[in-house]
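These notes are about the structure you will find just below.
Rule-based calculations on the coordinates, nothing more; no lab input. Bear in mind that the values here come from a model prediction, so they are computed numbers and not experimental data. Because the Cβ atoms are built from the backbone with ideal geometry, glycine has one as well, and the counts that use them run over all protein chains shown.
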Amino acid sequence: MTGRAEFASWLEGTNDLTSRFVGSAGIADLVNVAGGLPEPSLFPVERLAMIASDAIRNQPELALGYGPTGGMPELREEIAARYRARGIRIDASNVLLTASGTQALDLAGKVLIEPGRRVACDFPTYAGAMDAFRPRGPRYQHLDLSAPEKLGAAMERADLVYMIPNFSNPTGKLVDLETRHALVEAAHQSDTWMIEDDPYGALYYDGPALPGLLQLSAERGEGDCYRGPVIHMGSLSKQLVPGLRVGWVIAAPELIAKMSSAKQATDLCSNSLAQLITLAAFREGMIEELLPRSLALYRERRSALADAMERHISHWFEWEIPVGGMFIWARAKDRALDVEAVVEAGMKRGVLVGPGSAFDPMGLSGPALRLNFTLNDPGKLDRAMERLADALEEVTPTRQRRESAVAAG
């Protein structure tokens, strides 16, 4: 054999969507409504700096050294206690600390997916999950939530189910209580692992919170240790700050042990200083203090984006206003709309939007855009939609613009 080996074939299917979202921060005057980014002014900078400084000065070996692969025992127990306070019977053996929710997805893929295994999702779904699973070579099937009575049969054909029941990324959809019960029933009856990816579960703007899949599943068990099929994934990225890269998995102990083995081969252990900061933030009640401010700000911005969309792009798109989360899913009225061209034209005009195709490889929803409302103030959101309308004017033929305007009334 001569020459360098070719790159792994799975890389051919990757997309640059996430890197474009994150990397856009350095582009002057660009309004980013594509990425799922929190508002930086909410970050408790001084308190986190004090916690970090105290940890390094007072616990240097712990803060700066290697730690257990599964995570610091005190933090695992703290997370378990927080879930027990919600009535969910778990202990520390159910908890694995990860370097964010993204690593949790990667580890689940390493442990549960072999080439050709079927992963069932409610499409459109999170592009980051598909990126995490891609090296494992899965096949996908759509999980139709509009027919709860058929979920059991669908799960019988799947090896893994991936769900975001709270304000799905990208659609912002909230799975109703009846369907949640049906999902859990189907997972138990078919004995199929089901991921509950829950980064947005705290971001309810209207109405009471619904019980999660883990909670509904745990109600079926006995004892103090959870052994059901739900794999719950949580993160601090939307509740505190994303830069700590702290996430966790709650699942049956045998799965936690396998994922811990996979993590050992991935990064050995998570950042010790970040775990100490997280532990202190939990114990000081920082998450609970921050949440009301976050909800008030994001609720206002959700309304601001919806109003701006109505003013500027309602000729081309339709949407529902979500009751929580970070996104509005805008569906094109014309299924022939070239969304990729719209994205490119928008970039030239200083607005970055998320193309729906990245979340919908099966093409089930037609052309669409994912629009974020949490990062930008109302003025920037209006400017973003005005620029997007200019991009649509360029991309859409004159006749099509006229017909869309007539259809919109």
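Summary table below
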| quantity | calculated |
| --- | --- |
| For segment 26-184, with +1 on Lys and Arg beta carbons and -1 on Asp and Glu, the positive-most of Ala129, Val111, Phe167 along the dipole | Val111 |
| Residue (of Val241, Leu352, Ala251) at the positive-pole extreme of segment 230-356, dipole from beta-carbon charges | Val241 |
| Fluctuation leader among Lys380, Lys173, Lys348 - the chain, Gaussian network, Cα springs under 10 angstrom | Lys348 |
| Computed over segment 9-150: relative contact order in percent, which uses C-alpha pairs under 8 Å that are six or more apart | 19 percent |
| GNM flexibility winner over the chain from Ser190, Ser53, Ser260 (Cα, springs under 10 Å) | Ser53 |
| Fraction in percent of alpha-carbon pairs per bin - 10 Å, segment 1-135 | 9, 22, 31, 28, 10, 1, 0 |
| Contact order normalised by residue count of segment 44-116, Cα under 8 Å, 6+ apart, percent | 22 percent |
| Estimated inter-spin distance, Leu11 and Asn58, nm [label 7 Å along Cα→Cβ] | 4.6 nm |
| Simple Cβ-charge dipole of segment 61-209, Lys/Arg +1 and Asp/Glu -1, about Cα centre, in debye nearest 20 | 280 debye |
| Segment 208-220 - phi-based ³J(HN,Hα) in whole Hz, Karplus 6.51/-1.76/1.60, Gly and Pro as x | x, 6, 8, x, x, 5, 4, 4, 5, 6, 5, 5, 8 |
| Burial order of peptide ranges 286-295, 97-106 (average beta-carbon count within 10 Å, highest first) | 97-106, 286-295 |
| Segment 218-332 - charge dipole about Cα centre, Lys and Arg +1 at Cβ, Asp and Glu -1, debye rounded to 20 | 280 debye |
| Set Lys238/Lys348; Lys238/Lys380; Lys333/Lys380; Lys110/Lys380 screened for pairs whose C-alpha atoms are more than 31 Å apart | Lys110/Lys380 |
| Under Karplus coefficients 6.51, -1.76 and 1.60, residue-wise ³J(HN,Hα) of segment 149-162 in Hz, glycine/proline x | 5, 9, 5, x, 5, 5, 5, 4, 8, 10, 9, 8, 10, 10 |
| Nearest-20 debye value, the chain charge dipole, Cβ charges on Lys, Arg, Asp, Glu | 380 debye |
| Segments 211-218, 306-313 sorted - mean Cβ within 10 Å per residue, highest first | 211-218, 306-313 |
| In degrees, nearest ten, helix 398-407 long axis to first principal axis of the chain (Cα) | 70 degrees |
| Dimensions (Å) - segment 293-362, Cα atoms, principal axes, largest first | 39, 29, 20 |
| Proportion of all alpha-carbon pairs of segment 258-396 beyond 28 Å (%) | 38 percent |
| Angle in degrees between helix 286-312 and the longest Cα principal axis of the chain, rounded to the nearest 10 | 20 degrees |
| Relative contact order of the chain, pairs being alpha-carbon contacts under 8 Å that are 6 or more residues apart, as % | 23 percent |
| Under-5 Å amide H pairs with Ile231, H placed in peptide plane, nonlocal only | Met194, Ile195, Glu196 |
| Principal axis dimensions, the chain - Cα atoms, whole angstrom, descending | 64, 62, 52 |
| Between 0 and 90°, nearest 10: helix 378-395 axis offset from the chain longest Cα axis | 50 degrees |
